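Notes follow the structure.
Read-outs throughout are calculated quantities, based only on the coordinates presented, and are distinct from any laboratory measurement. Nothing here was measured: the structure is a model prediction, and the numbers come from that model. Note: ideal-geometry Cβ built from the backbone for every residue, glycine included; neighbour counts use all protein chains shown.
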């Protein structure tokens, strides 16, 4: 009896909501026909963007922290997770203090201004435009969604120089890089006044801004910091592959917030972006592990997880440009090329990119950025609106090139500054014993 | 008295325990150890890098028993732990001078 009552109540609530929606809809339709009053955020869009933001937070912590933490040796798991955790936090604070203002305000093509310092002038009633005319979302929601991107991107790069860099050095690099590389590149690519945006570069959710940007920073960092002590002579296998698998899976799930959320609306197009993100990732996981099976004898869990990440990276810039068949082709290509980059290219060039930030994020990001111009063309089943593959390829390559040089240069300057002031590396004994006990006074496991 | 020290494949322990218990062995001591012999480790692959794992995980089983039972227990361990491939392990047999059961202060074969 009591239960029946409850159900009735729920039912009437549902009907009430439906009626409310029906009442709102005609108003909106009339509203557009009339003298265009200020647009009001749609609750569905707003709800989706809040969820998408949460999903990106989940990608960083615990997703990225576990993914990276499992790949290092047991003596450095806390150091690596801690770097991800704290950089994500620092980046978030900096974003609110000045990041949003520098990236998404003012007239400059490269740098913004300080008019939105500490989000000055924003209120709960402020709205941000989306990609559809007349559709807005609350600006605070846009600010936090973008905050998660800035913060996770900075944390991504630390995989290149993990297991051998002082915590203090990593933090100083993070602040410099966030300010002088992430902010201007995000602005260039995504802000309506940005240089690459005006040029017509396609980057739906951050192939250049996030992955090439962080990937090249990881490589340049790895080169300047130098190899881990014992690299090449002693084994440095991942200490916990199940962590890596769990982290990669959280990244995969969270990435739907990252990519689909980048559309800023819960609409039909979001379905295509979701599908592309899903199928490209799955194909890349299959491609990487089957590639290992064929060329190296055994399909590995680490390989499947790495392939999934490579697929997610590649589809990030192109998820709103390619069609489903393009996404499958992209997944196949990126799974195999990133496997080659991590297994062969790294050995040929001899750098110690501890967690393959370059091999997965930079290489995958470049493939994804360029794929927009090819697989995104209408003749390839894409939904891109550009006419010539060649011209668009040139624009995409310009974006890739600027990001590589810019982020690489900022990273190099930052690391040399640190090297000649407080120093980059702990003593060799500290490094051999592990950063967990020496830098953080903690240990992950009983020995 | 004799002490049997058997280095065996870890997954053979259950079979070993059943086999020696059947012969009347009252207690065994097991330690996780690593090492290498002719098996010389194995290769693991991580993102295309091959690592030679030199030290293979093994179990060291120690059993102290009277001289007469030693031969049949060694035989039983050999039977259950043998696969015929390198890495099956080794059995060492050594004389034991004295044994004491702490609880009862018994000594000699009664304590083993």
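Per-residue counts of other Cβ atoms within 10 Å, averaged by peptide: what ranking do you get for A:191-200, B:96-105, A:54-63, highest first? Spell out each step's value before the answer.
Values: A:191-200: 16.9, B:96-105: 10.0, A:54-63: 21.5.
The packing order, highest mean first, is A:54-63, A:191-200, B:96-105.
With only the Cα atoms considered, the range A:334-447 has a convex hull volume of 182 Å³ per residue. Shielding value for A:233-240 is 3, the average number of Cβ atoms from other chains within 10 Å of each residue's Cβ. Peptide B:48-59 is shielded by partner chain Cβ atoms: per residue, an average of 3 of them sit within 10 Å of its Cβ.
Residue separation of residue A:253 and residue A:122 scaled by 0.36 nm, minus their Cα-Cα distance, works out to 44.0 nm of gained length.
Considering only the Cα atoms of the range B:2-111, their convex hull presents on average a projected area of 8.4 nm².
Debye sum, Cα scatterers, chain A, no solvent: what log₁₀ I/I(0) at q = 0.07, 0.09, 0.10 1/Å? So the normalised log intensities work out to -0.36, -0.58, -0.71. Each Cα pair under 8 Å and six or more residues apart adds its separation to the average, and for the range B:2-111 the resulting relative contact order is 41 percent. Springs join every pair of Cα atoms under 10 Å in this Gaussian network model of chain A, and among A:360, A:405, A:279 the largest mean-square fluctuation is at A:405.
What 222 nm value per residue comes from the helices of chain A, counting each DSSP H run with n ≥ 4 as -39,500 (n - 2.57) and dividing by all residues, nearest 500 deg cm²/dmol? So the calculated ellipticity at 222 nm is -20500 deg cm²/dmol.
Value of Rg to Rh for the range A:139-289, rounded to two decimals, is 1.00; Kirkwood radius and Rg both from alpha-carbon coordinates. Ranking of A:117, A:88, B:55 by neighbouring Cβ atoms within 10 Å, starting from the fewest: B:55, A:117, A:88.
Neighbour counts of C-beta atoms inside 10 Å place A:422, B:28 in the sequence A:422, B:28, starting with the fewest. Rg over Rh for the range A:377-440 works out to 1.37, both radii taken from alpha-carbon positions and Rh defined as the Kirkwood radius. Taken along the Cα-to-beta-carbon direction at a fixed 7 Å, the label points for residue A:412 and residue A:54 span 4.4 nm. Ordered by the number of other Cβ atoms lying within 10 Å of each residue's own Cβ, fewest first, A:85, B:92 fall into the sequence B:92, A:85.
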